[in-house]
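I have placed the structure first, in the form of structure tokens, so that the comments after it can refer back to it.
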Amino acid sequence: MRQSVTITGLKEPMFAKAIDELTSIQNLFARRVNKDDLELWQPPNYNNLPSVEFSNRYFTHLSEDPHLPPSR
């Protein structure tokens, strides 16, 4: 289970510039980080408008829990 929020700028030029800057950051990392270690980010669309999505999970799978002692 997870929750998420999607934000769109509704054609606001400042928001479009922010999306462009986020894409520039992605490109900067893509040039410096091994391609297998970096997940490609592309802005999602909401009603054909660029947006940003934030999400988090309510629960963590046992195998991904960083606080659980390692298995033997």
For the list (1) in contact with a Leu (Cβ under 9 Å, 6 or more places away or on another chain); (2) open to solvent by less than 60 Å² (accessible area, probe 1.4 Å), I need the number of the one condition that Lys11 fails. (2)
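On the basis of being part of a loop (DSSP other than H, G, I, E, B) and either of a type in the set (Lys, Arg) or touching a Leu at 6+ places or on another chain (Cβ under 8 Å) (or both), does Leu68 make the cut?
Numbers: part of a loop (DSSP other than H, G, I, E, B): yes; either of a type in the set (Lys, Arg) or touching a Leu at 6+ places or on another chain (Cβ under 8 Å) (or both): yes.
Considered against the rule, which asks whether it is part of a loop (DSSP other than H, G, I, E, B) and either of a type in the set (Lys, Arg) or touching a Leu at 6+ places or on another chain (Cβ under 8 Å) (or both), Leu68 comes out as yes.
Go through segment 36-63 and report how many residues are open to solvent by 100 Å² or more (accessible area, probe 1.4 Å) and either farther than 29 Å from Leu10 by Cα or in a loop (DSSP other than H, G, I, E, B) (or both). So that I can check it myself, show each step before the final result.
The initial filter retains those residues of segment 36-63 that are open to solvent by 100 Å² or more (accessible area, probe 1.4 Å), namely 36-37, 39-40, 42, 45-48, 54, 57-59, 61-62.
Then keep just the ones that are either farther than 29 Å from Leu10 by Cα or in a loop (DSSP other than H, G, I, E, B) (or both); that gives 36-37, 39-40, 42, 47-48, 58-59, 61-62.
Selection size over segment 36-63: 11.
Of all residues in segment 22-51, how many are touching a residue at least 40 places away in the same chain (Cβ under 8 Å) and either closer than 20 Å to Met1 by Cα or touching a Pro at 6+ places or on another chain (Cβ under 6 Å) (or both)? Explain how you work it out, then say what you get.
First, pick out the residues of segment 22-51 that are touching a residue at least 40 places away in the same chain (Cβ under 8 Å): 46, 49-51.
Among the residues that remain, those that are also either closer than 20 Å to Met1 by Cα or touching a Pro at 6+ places or on another chain (Cβ under 6 Å) (or both) are: 50-51.
Number satisfying all stated conditions: 2.
The values are calculated or read from the model by the stated rules, or taken from the named source; none is laboratory data. Here the structure is a predicted model, which means the values were calculated and not measured. All Cβ positions, glycine included, derive from the backbone under ideal geometry; neighbour counts span all protein chains shown. These accessible areas exclude ligands, DNA and RNA; they are computed on the full protein's heavy atoms, side chains included. Shrake-Rupley method; radii C 1.70, N 1.55, O 1.52, S 1.80 Å.
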